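The values are calculated or read from the model by the stated rules, or taken from the named source; none is laboratory data. All of these numbers come straight from a predicted model, not from anything done at the bench. As a convention, Cβ positions derive from the backbone with ideal geometry for all residues, glycine included, and neighbour counts pool all protein chains shown. Surface areas here come from the heavy atoms of the whole protein model, side chains and all, with no ligands, DNA or RNA. Shrake-Rupley method; radii C 1.70, N 1.55, O 1.52, S 1.80 Å.
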Amino acid sequence: IRVFDDKIFVVTAGAVYQIKDRDGDGVGDAFEVMSSSWDWSGHPYDWFFGLARDRDGNLYGATSTPYERPPEIPGFFQRGSVLRISPDHKTTQVGDGTRYNFGWASRQNGNMYFTGNQGHWNITCSIHEIVAGSHYGFREPDLSKVKKPVIYVPYPWCRSLTGIAIAEKTPAFGPFQG
């Protein structure tokens with residue numbers, strides 16, 4: 001669940017919804033599908049992660065990529081993708097090569113980030129900046145084609161990086177500012 005400008009969004013494995021209160025009684029009574037453009041096979045690890053939001057009101061999230069299922073198996077459309085969902089519900093793939101990206105955050109300057117979970121192809125967790133057209137590494141043996149993360153988080157510190165928060169306060173938030 002994420003709230004942006006008093007709008008409530010819910011992420012599920014197969015869709016992103018906006019919850020609306022149409023009769024004004026303070027209770028959500030309508031669930032508007034913002035997007036469900038990606039395949040969902042029902043596999044227990046077919047998830048959708050997010051959300052972050054840019055200055056134009058677009059939502060960003062990513063689909064998981066179960067490593068045990070090759071891309072030619074049905075149900076793989078837009079799996080392992082960073083997706084942008086516009087306010088008018090248009091969904092665009094802006095990156096690929098993701099696996100399990102639990103944490104999402106936006107900075108005041110418009111930059112957006114997500115966490116990368118360790119796994120069989122990545123020996124440690126990481127934090128990535130969303131840059132359109134980037135490949136984030138999953139199933140890419142040529143490392144020259146992979147966008148490097150902003151930071152690697154040592155495996156002994158964190159087995160599964162599940163969240164991210166950005167501190168942008170005045171006065172500065174000590175060593176954690178930014």
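If I ask for residues that are free of Cβ contacts under 8 Å to residues at least 60 places away in the same chain and of a type in the set (A, V, I, L, M, F, W, C), which ones from the range 140-167 would you list?
LEU143, VAL146, VAL150, ILE151, VAL153, TRP157, CYS158, LEU161, ALA167, listed by residue number.
Within the range 55-76, track down each residue that is at negative phi and at pLDDT below 90.
Applying the first criterion (at negative phi) to the range 55-76 yields 55-56, 58-74, 76.
Within the range 55-76, SER64, THR65, PRO66, TYR67, GLU68, ARG69, PRO70, PRO71, GLU72, ILE73, PRO74, PHE76 meet the criteria.
For the condition within 27 Å of ARG139 (Cα to Cα) and modelled with pLDDT of 90 or more, what is the one hit in VAL3, VAL33, VAL16?
Details: VAL3 fails: within 27 Å of ARG139 (Cα to Cα); VAL33 fails: within 27 Å of ARG139 (Cα to Cα).
Going through VAL3, VAL33, VAL16 in turn, the sole match is VAL16.
Among the residues in the range 37-47, are any in a strand (DSSP E or B), of a type in the set (Phe, Trp, Tyr) and on the phi < 0 side of the Ramachandran plot?
no
What are the pairs with Cβ atoms under 7 angstrom where one residue, in the range 18-32, is open to solvent by 60 Å² or more (accessible area, probe 1.4 Å) and the other, located anywhere, is among the aromatic types (Phe, Trp, Tyr)? Sequence gap at least six, or different chains.
If the second residue must be among the aromatic types (Phe, Trp, Tyr), the pairs left are PHE31/TYR17.
Filter the range 117-149 down to the residues that are in contact with a Leu (Cβ under 8 Å, 6 or more places away or on another chain) and at pLDDT 90 or above and list them by number.
CYS125, SER126, ILE127
Of the conditions (1) of a type in the set (A, V, I, L, M, F, W, C); (2) within 17 Å of the chain's Cα centre (by Cα); (3) in a loop (DSSP other than H, G, I, E, B), LEU83 satisfies every one except a single condition; which number is it?
Failed condition: (3).
Quick grid of which residues meet (1) open to solvent by less than 10 Å² (accessible area, probe 1.4 Å); (2) within 15 Å of TYR152 (Cβ to Cβ):
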{"position": "ARG79", "(1), (2)": "no, no"}
{"position": "ASP88", "(1), (2)": "no, no"}
{"position": "THR91", "(1), (2)": "no, no"}
{"position": "GLY95", "(1), (2)": "yes, no"}
{"position": "SER106", "(1), (2)": "no, no"}
{"position": "PHE114", "(1), (2)": "yes, yes"}
{"position": "ASN117", "(1), (2)": "no, yes"}
{"position": "CYS125", "(1), (2)": "yes, yes"}
{"position": "VAL131", "(1), (2)": "no, no"}
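Could you tell me how many of the residues in the range 79-136 are free of Cβ contacts under 8 Å to residues at least 12 places away in the same chain and either of a type in the set (Asp, Glu) or more than 17 Å from ASP54 (Cβ to Cβ) (or both)?
Total satisfying the criteria: 1.
For the condition aliphatic (A, V, I, L, M), open to solvent by less than 20 Å² (accessible area, probe 1.4 Å) and within 22 Å of ALA132 (Cβ to Cβ), what is the one hit in ALA15, ALA52?
Checking each option against the conditions leaves just ALA52.
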